[in-house]
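The values are calculated or read from the model by the stated rules, or taken from the named source; none is laboratory data. Since the structure is predicted, the reported quantities are computational estimates derived from the model, not experimental observations. With ideal geometry, Cβ positions are generated from the backbone for all residues, glycine too; neighbour counts draw on all protein chains shown.
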Amino acid sequence: MSDLYTLYQRRASVRKFKSEPLREGDLEKILFAAQRAPTDATAQMYSLLRISDPELRRKVSSHSGHNPHIETCAEFFLILADVYRLRRLVEHRGGVFGHWPRTALHFAITDAVLAGSALATMAESLGYGIVWIGGVLNGIKEIKALCGLPQGVVPVAGLCVGVPEESPAPRPRLPRELVVHENQYHDYSPEALEQAYAAMAPITKSGDWYRVLERYFAQGGTMEAREPAYQQLSAQQGFEPDLPAELLEALKEKGLEAGSLGQLIEAAFAQGFRSLQFHHQGYAWIEKEPEAYRGDGKPGEALGKALLQAPRERVIP
Ligand SMILES: Cc1cc2nc3c(=O)[nH]c(=O)nc-3n(C[C@H](O)[C@H](O)[C@H](O)COP(=O)(O)O)c2cc1C
């Protein structure tokens, strides 16, 4: 227990690695730890994809923002939310896999993070450096294709593990009172928010944490840029309740990508359709005079099917 306490007192993400492999037997230990992590209903809705092929590593790195450590670390894993294997298991015994896409994504990400976290902590306890790579979301579609991820599988993050060539000082955290609530969620006073900025200032070059938050999380920032591809990929992988993944695949082949029913409606308008009608009897019409196309099913399915019938046309900006 005290060892783990010491580890957490000292730990910091490492981004510079020696070009050395893990010691013999350590890969087995970190994978063992990952698999010992708790998982929802013991269903193990995650997978780890170890990328040992240097060329694939280079390609994945090139789609992951500026993270050269992906190529220099001894081991690189994609941490995957995965309900594909669970579906296979259910279908293998003749079951019909249920329709619970959002809940599936919720628990699959939870399981994946817990497994990755156990792997990371075991690696750090063995003296290795680690760093998580959310940058994989920058090229999530390309990485899905490069790694052959089937429907039901979505990259959550990458994880670098290797022999450290730096030992950075522990980085600051928010004041405890802002993070830990008791019984009722408490709101944040302007003074408390300023305390947060003061606590996090040392992590920045400029001394102003707001500049970091702005770059990532404000309007026009990195997260907004990642959002469309993440929405589209998670929908194509079967995690969007209103849009069947097979239909999205067929629409994609026609050059039409959407990650939500709203985006599909916008795509229809962009194709020049002037009106869409959803009928309570389970069909939809899309129309641009003199053409009209019909699709059957629930609203998302019906609209998608109607769009599939329409010839692909110039997108109207
Ligand atoms: C989900 C997640 C994604 C991250 N993505 C990246 C990344 O793409 N590149 C990187 O260099 N560090 C990444 N990090 C590392 C964080 O920047 C780091 O954990 C944070 O600055 C706190 O520093 P510490 O881990 O040294 O305490 C990520 C961490 C997490 C948990």
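Just a yes or no: is a residue in segment 265-277 touching a Pro at 6+ places or on another chain (Cβ under 9 Å) and either not β-branched (Val, Ile, Thr) or not assigned by TED's automatic domain parsing to the domain that holds LEU86 (or both)?
So far as segment 265-277 goes, yes, one or more of its residues are touching a Pro at 6+ places or on another chain (Cβ under 9 Å) and either not β-branched (Val, Ile, Thr) or not assigned by TED's automatic domain parsing to the domain that holds LEU86 (or both).
Report, by residue number, each residue of segment 130-140 that is out of contact with any Lys or Arg (no Cβ under 8 Å at 6 or more places or on another chain) and either without any contact (Cβ under 8 Å) to a residue 12 or more places away in the chain or more than 8 Å from the ligand (Cβ to nearest atom) (or both).
Passing the criteria: ILE130, GLY139.
Is it the case that segment 216-231 has a residue that's touching a Ser or Thr at 6+ places or on another chain (Cβ under 7 Å), crowded, with 16+ Cβ neighbours inside 10 Å and within 21 Å of LEU137 (Cβ to Cβ)?
yes
List the pairs whose first member sits in segment 171-188 and is under 27 Å from ARG10 (Cβ atoms), whose second member is among the basic types (Lys, Arg), and whose Cβ atoms are under 8 Å apart, counting only residues at least 6 apart or on separate chains?
What qualifies is VAL179/ARG173.
Look through segment 151-185, keep the residues that are more than 26 Å from GLU240 (Cβ to Cβ) and in contact with a strand residue (DSSP E or B) (Cβ under 7 Å, 6 or more places away or on another chain), and return whichever of them is farthest from the ligand (Cβ to nearest atom).
Looking at residues that are more than 26 Å from GLU240 (Cβ to Cβ) and in contact with a strand residue (DSSP E or B) (Cβ under 7 Å, 6 or more places away or on another chain), I get VAL163.
Out of (1) assigned to a helix (DSSP H, G or I); (2) crowded, with 18+ Cβ neighbours inside 10 Å, the odd one out for LEU22 is which?
Checking LEU22 against (1) assigned to a helix (DSSP H, G or I); (2) crowded, with 18+ Cβ neighbours inside 10 Å, the one that fails is (1).
Only one residue in LYS18, LYS29 is in the same structural domain as GLY127 (by TED's automatic domain parsing), more than 16 Å from the ligand (Cβ to nearest atom) and under 27 Å from ILE203 (Cβ atoms), so which one is that?
Exactly one of LYS18, LYS29 is in the same structural domain as GLY127 (by TED's automatic domain parsing), more than 16 Å from the ligand (Cβ to nearest atom) and under 27 Å from ILE203 (Cβ atoms), namely LYS18.
Report yes if ARG15 is of a type in the set (Lys, Arg), within 29 Å of ALA229 (Cα to Cα) and not in a loop (DSSP other than H, G, I, E, B), otherwise no. Write out each step before concluding.
Details: of a type in the set (Lys, Arg): yes; within 29 Å of ALA229 (Cα to Cα): yes; not in a loop (DSSP other than H, G, I, E, B): no.
No: the conditions fail for ARG15.
Out of all the residues in segment 41-62, is one or more in a loop (DSSP other than H, G, I, E, B) and under 14 Å from CYS160 (Cβ atoms)?
Within segment 41-62, one or more residues are in a loop (DSSP other than H, G, I, E, B) and under 14 Å from CYS160 (Cβ atoms).
So which of LEU233, LEU248 ends up being under 22 Å from LEU105 (Cβ atoms), touching a Lys or Arg at 6+ places or on another chain (Cβ under 8 Å) and outside the structural domain of GLY135 (by TED's automatic domain parsing)? Can you show your working first?
On the way: LEU248 fails: touching a Lys or Arg at 6+ places or on another chain (Cβ under 8 Å).
Among LEU233, LEU248, only LEU233 is under 22 Å from LEU105 (Cβ atoms), touching a Lys or Arg at 6+ places or on another chain (Cβ under 8 Å) and outside the structural domain of GLY135 (by TED's automatic domain parsing).
Kindly check whether there is at least one residue in segment 141-150 that is under 21 Å from LEU80 (Cβ atoms), in contact (Cβ under 8 Å) with a residue 24 or more places away in the chain and within 16 Å of the ligand (Cβ to nearest atom).
Looking for residues that are under 21 Å from LEU80 (Cβ atoms), in contact (Cβ under 8 Å) with a residue 24 or more places away in the chain and within 16 Å of the ligand (Cβ to nearest atom), one finds at least one in segment 141-150, hence yes.
Would you please list the contacts, defined by Cβ atoms under 8 Å and residues six or more apart or on different chains, that run from a residue in segment 58-74 that is free of Cβ contacts under 8 Å to residues at least 12 places away in the same chain to a residue that is loosely packed, with under 15 Cβ neighbours inside 10 Å and part of a loop (DSSP other than H, G, I, E, B)?
Filtered contacts from segment 58-74: SER61/PRO68.
What's the number of the only condition in (1) acidic (Asp, Glu); (2) more than 29 Å from the chain's Cα centre (by Cα); (3) surrounded by 13 or more Cβ atoms within 10 Å (Cβ to Cβ) that ASP242 fails to meet?
The one condition ASP242 does not meet is (2).
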